[in-house]
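These notes concern the structure reproduced below.
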Amino acid sequence: MQDQGGIYIEDGALIGHHVVLATLNHELNEAHRHDLIAKPIHIGKNAWIGARSTILQGVTVGDNAVIAAGAVVTKDVPANSIVGGVPARLIKRIDE
């Protein structure tokens, strides 16, 4: 976990082996590429983060969401959904 931007993990969340939570990124402009941009990561209640997933800065994982193993999550994940792939995309909604 790289937590300078802040990491918030709600109750009941499951986090698999070798997960990367990266709250920092760099500017794209070459003159400012050494500048760091910090944004928090939020993991909702009962979310399940599969092994070797990467969650990037500024992402919120909704309650009860599932991140497939090996996914790279670059955008917010809605509650009650399953995402996977590189970059992660919606696979399906989970019925409550």
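Each value in this text was obtained by applying a stated rule to the coordinates, not by laboratory testing. What you are looking at is a predicted structure, and each value in this text was computed from that prediction instead of being measured. Cβ coordinates were reconstructed from backbone atoms using ideal geometry, including for glycine residues, and neighbour counts include every protein chain displayed.
A few remarks follow.
- Evaluating 6.51 cos²θ - 1.76 cosθ + 1.60 at θ = phi - 60° for every residue in the range 71-83, the Karplus couplings come out as 5, 10, 9, 10, 9, 4, 10, x, 4, 6, 9, 10, 10 Hz, glycine and proline recorded as x.
- Here, the chain yields an orientationally averaged convex hull projection of 5.9 nm² when only Cα atoms define the hull.
- Note on LYS75: aspartates and glutamates with a C-alpha under 16 Å away, same-chain residues under 8 apart excluded, are ASP63.
- Longest DSSP-loop-exposure-free segment, trypsin sites (Lys or Arg not before Pro), the chain, at most 16 other Cβ within 10 Å: 1-32
- Cross-link partners of LYS39 among aspartates and glutamates (Cα-Cα below 18 Å; sequence separation of 8 or more within a chain): ASP3, GLU10, GLU27, ASP76
- Residue of GLY44, GLY16, GLY70 that the Gaussian network model of the chain assigns the largest fluctuation, springs spanning Cα pairs under 10 Å: GLY16
- Taken one residue at a time, the phi angles of the range 57-69 give Karplus couplings (6.51, -1.76, 1.60, θ = phi - 60°) of 3, x, 7, 10, 9, x, 4, 6, 6, 10, 9, 5, 4 Hz. Gly and Pro are set to x.
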